1. Would you point out which residue out of G229, G218 is under 28 Å from D138 (Cα atoms) and touching an Asp or Glu at 6+ places or on another chain (Cβ under 9 Å)?
2. Please go through (1) in a helix (DSSP H, G or I); (2) out of contact with any strand residue (DSSP E or B) (no Cβ under 7 Å at 6 or more places or on another chain); (3) under 27 Å from V171 (Cα atoms) for S97 and return the number of the only condition it doesn't satisfy.
3. Of all residues in the range 33-51, count the ones that are out of contact with any Ser or Thr (no Cβ under 7 Å at 6 or more places or on another chain) and crowded, with 21+ Cβ neighbours inside 10 Å.
4. Within the range 214-230, is there a residue that is part of a helix (DSSP H, G or I) and within 28 Å of R75 (Cα to Cα)?
5. Find all pairs meeting these conditions: Cβ atoms under 8 angstrom apart; at least six residues apart or on different chains; first residue within the range 231-242 and over 13 Å from V186 (Cα atoms); second residue assigned to a loop (DSSP other than H, G, I, E, B) and modelled with pLDDT of 90 or more.
6. Scan the range 154-164 and tell me whether some residue there is among the acidic types (D, E), modelled with pLDDT under 95 and touching a strand residue (DSSP E or B) at 6+ places or on another chain (Cβ under 9 Å).
7. Out of the residues in the range 74-98 that are in contact with a Leu (Cβ under 8 Å, 6 or more places away or on another chain) and farther than 22 Å from T220 by Cα, which is surrounded by the fewest Cβ atoms within 10 Å (Cβ to Cβ)?
8. Contact list please: Cβ distance under 6 Å, first residue in the range 124-142 and in contact (Cβ under 8 Å) with a residue 12 or more places away in the chain and within 27 Å of L40 (Cα to Cα), second residue of a type in the set (A, V, I, L, M, F, W, C) and part of a loop (DSSP other than H, G, I, E, B), pairs at least six apart or on different chains.
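The values are calculated or read from the model by the stated rules, or taken from the named source; none is laboratory data. Note that the structure is a prediction, hence the values are computed from the model and not measured. Neighbour counts run over all protein chains shown; Cβ positions are idealised from the backbone, glycine included. Note: accessible area is taken over every heavy atom of the protein model, side chains too, but ligands, DNA and RNA are not part of it. Shrake-Rupley method; radii C 1.70, N 1.55, O 1.52, S 1.80 Å.
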Amino acid sequence: MSLAGKTVLVTRRREQSAELVDLRERVGAAVIVVPVIEILPPESWTACDRALDGLRSYDAVLLTSSNAARFFLGRGVERGISFDGINVVAIGEASRSAAAAQGVSSATEHAFSSARDLARHLLVTPVNGRRYLFPCGDLARGELPEALRQAGAHVDRVVVYRTVAPPPGAVEPARDLLTRGEADVVVFASPSAVRNLLDLMGDGLAVALRSAVVAVIGPTTETAARECGLDPRIVAAQPTASALAAAIKNHFS
């Protein structure tokens, strides 16, 4: 079975999906990009600015997504904050690349698939009394800060971006494609994308996806998909667009 001629619906923003869009050129798939989430700045930067002002009081800054890296570090650069000598820990290549794009090339990359795995890594050594800064989105799960706090660490969770649903008309192409049963592969890169599409289509989402292969970027999104009644058949080995593209290609090879 080949991807050639298959229709792949990508529900992530195009600028974060280059490797997925490239499936069109590499294997001849028809790739349609319809973002079902929008990423916006926080309603207020007050908490973030306070954390930036006290940046050197933290033992590490924990970045678990490229959006967290882009918004938090971008805000710091905008305010003239130096990250020299700061222990910046990034999950995955996407977060590290987003950090580098903001001029922070010293971020340490860890190839974990989730914040839970990062917590396990950090807890290998005692964290009692250590201070961590966790910039994140408004819908971020609390597993990482909670695990560290239970082990005696101090964690400041600071919202640096919001995830919202786009205007209904913006996602109509996705609904039309799914309703007509023309999507062979549907790609989800976050739990929010799954839930927003579910809100748009209701019970019809699971029905529309019966004939499609659901591909997800990692275990957190896989869990959300299953909670919404979907059955992901492709799960990326790492939470990156390149790993997800490779997993889709391997599934059809």
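1. Values: G218 fails: touching an Asp or Glu at 6+ places or on another chain (Cβ under 9 Å).
Answer to the check: G229.
2. Among (1) in a helix (DSSP H, G or I); (2) out of contact with any strand residue (DSSP E or B) (no Cβ under 7 Å at 6 or more places or on another chain); (3) under 27 Å from V171 (Cα atoms), the lone unmet condition for S97 is (3).
3. Keep residues of the range 33-51 that are out of contact with any Ser or Thr (no Cβ under 7 Å at 6 or more places or on another chain), which gives 38, 40-51.
From what's left, crowded, with 21+ Cβ neighbours inside 10 Å: 48, 51.
Number of matching residues: 2.
4. Keep residues of the range 214-230 that are part of a helix (DSSP H, G or I), which gives 219-227.
From what is left, the residues that are within 28 Å of R75 (Cα to Cα) are 220-221.
Scanning the range 214-230, I find at least one residue that is part of a helix (DSSP H, G or I) and within 28 Å of R75 (Cα to Cα), so the answer is yes.
5. Every condition considered, the pairs that remain are A236/I217; P239/I217; T240/I217; A241/R12; A241/A189; A241/I217.
6. For the range 154-164, residues among the acidic types (D, E), modelled with pLDDT under 95 and touching a strand residue (DSSP E or B) at 6+ places or on another chain (Cβ under 9 Å): absent.
7. Of the range 74-98, the ones in contact with a Leu (Cβ under 8 Å, 6 or more places away or on another chain) are 75-76, 79, 81, 83, 86, 88-91, 95, 98.
Add one more test, that the residue is farther than 22 Å from T220 by Cα, and what stays is 75-76, 79, 81, 83, 86, 88.
Working: R75: 21, G76: 23, R79: 12, I81: 14, F83: 20, I86: 19, V88: 22.
Checking each candidate, the answer is R79.
8. Pairs found: Y132/A153.
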